[in-house]
Structure formats: structure tokens, C-alpha cells
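Only one structure is covered here, and it is reproduced in the block below.
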Amino acid sequence: MSSIKALQNNLKRYWQLPYHNNTNLADKLWQVQKWQRNRIFKTHAKLFAMPQNKDMANYFVNDLYGGADFHIMAKQLETILPKAKLFEKLIPKNALETGTLGIYAAVEAIELDLQLAEWLQTNHLNVNHDNMLNAYQTVNAKSARKQQIETMKHMCYRTDKYINAFVLQKAFSLSKNAAYSQGLQPLYDFVDTGFVAMRQLTSIADFIEPFAKKELAIIEHVHSKNHHGKVDPFN
């Protein structure tokens, strides 16, 4: 499947999500996402506080975990999809593949959090620690949550490989003016934000491996009966 087709499919999945036509569900999802972002920043406070990791932390939480910024970009991309063939001509293939994978990761995160929001709304529950724990256990998307982390790891290593190739990186930089002039700024900026963040890292492995290890441990703690003895399975 081409990157353009994958991009179109990902956006189609996103716009088919039911919260777009349900303001109450949309509000509940926003609360769940806010709780998730706060939890992630708290859980990985030491890793995120390292100067070289700050940009990547913000990219992870604010771009790859969905939210208002992603919604705006999705709207912009929807309007320029008729120019889809231009993407492949103006933006290097590897960069386009990276952007498409990032959008897939963002949609995947939204879908998983929407499951929690739907359960909370159905049961008329507020978004807080105990209710989120119950939602996680009842929805029981353990395998999907673990796959989400693997998707993010794959995207990180894929992007890191690209930005370490000087010729490809130069080609992407040179495509900026052409991409902007053709109205392809949203996708270009989404990819570029990830590139800029990753260039600050000492090593992609030093960031993504401890992040993934802790997130996978949390998934195990949350879905076990006694939380493996953890007082707070989310931390």
C-alpha cells in the first residue's frame, strides 16, 4: 500500500470515530486525553526532564497522543487530500512514510482512549485515577495497548534512520518551499516537528527504550488482579 493510500485510510478511520458527532462523548474523550497526558508526564518525569529529551517528550505527548493539535492538522489534511499525488512528488518517500506512520500512531492512541471515554460516559463516571483504572480493566485492551507501544517504537526507529541519512534529510529540507506553496504545510510540519525533536536526542534508544519498558510494565500492572503489588499501578 502506498503512503498516500495509508494516509487516506488513517484519516478515514479518524473521521469515522463517533465522538465527532457527539459533544458529550467528545468532552469525555478530551478529559481522558488530558488525564493521560498528565499521567505520562508524571510517570516519565525524570526521562522527560533531561534537556535533550524535552522536545521529544512534547512531540510524543502533544502530537502522537492525539488532542486538539492533531484534530486541527487532520482537518487541514482533509482539505488538501485532492492534491494527494503532489505529496509523493514534493515530499521524499521516506519522509512521507514516516509522517503516515506518525498519523497512524496518533489515530491508534485516540481509538484506545475513546474506548475508555465511552465506558466512563455509559457509566456516568468522572475521569479520575480510580475510574480510569476500572475503565482500563473493564475495556481490557491490553494487547492493543502493548501493540500501541510497539507502533511508537517502530516509528521512532524508522524516523531516526531517516534523519541520520544526510542525503535524505537534505532532500526533505529542500522540499519545504515547494510543499508550502502547494498547501502541504500541515503534513510537512508534522513530520518536521518529529525530526527536530529527534535531532536533539543523544540516542533514540536512550529515550524510547526506557519509555516503552515503563509503559509496558504499567500495562501489565493495570491489568493484573493485584496490580503486582503496586500501590499505584499507573506509576
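The values are calculated or read from the model by the stated rules, or taken from the named source; none is laboratory data. As the structure is a computational prediction, the values presented were derived from the model and not from experiment. Every residue, glycine as well, gets a Cβ built from its backbone with ideal geometry; the counts of neighbours run over all protein chains shown. Protein only, heavy atoms only, side chains kept; ligands, DNA and RNA dropped before computing areas. Shrake-Rupley method; radii C 1.70, N 1.55, O 1.52, S 1.80 Å.
See the values below:
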| item | result |
| --- | --- |
| Cross-link table 28/93; 93/153; 28/176, entries beyond 27 Å C-alpha to C-alpha | 28/93; 28/176 |
| Value of Rg to Rh for the chain (Rh from inverse mean 1/r over Cα pairs, i.e. Kirkwood) | 0.98 |
| Additional length obtainable on full extension of the chain from residue 34 to residue 177, 0.36 nm per residue less Cα span | 48.0 nm |
| Accessible area (Å², 1.4 Å probe, nearest 10) - residue 41 | 70 Å² |
| The range 178-235 - accessible surface per residue (Å², probe 1.4 Å) | 46 Å² |
| For the range 183-228 and the range 1-53, distance of Cα centres in Å | 12 Å |
| Using alpha carbons only: equivalent-ellipsoid semi-axes of the range 105-235, gyration tensor based, whole Å | 36, 19, 10 |
| FRET efficiency estimate (nearest 0.05) - Cβ-Cβ, residue 189 to residue 21, R0 25 angstrom | 0.35 |
| Carbon + sulfur, % of accessible area of the range 158-228 - ligands and nucleic acids excluded, 1.4 Å | 53 percent |
| Gain on full stretching of the segment that runs from residue 125 to residue 216 - 0.36 nm per residue minus C-alpha separation | 30.2 nm |
| Length-normalised contact order for the chain - Cα pairs under 8 Å, 6+ apart - percent | 29 percent |
| When the convex hull of its Cα atoms is projected in every direction, mean area for the range 129-178 (nm²) | 5.8 nm² |
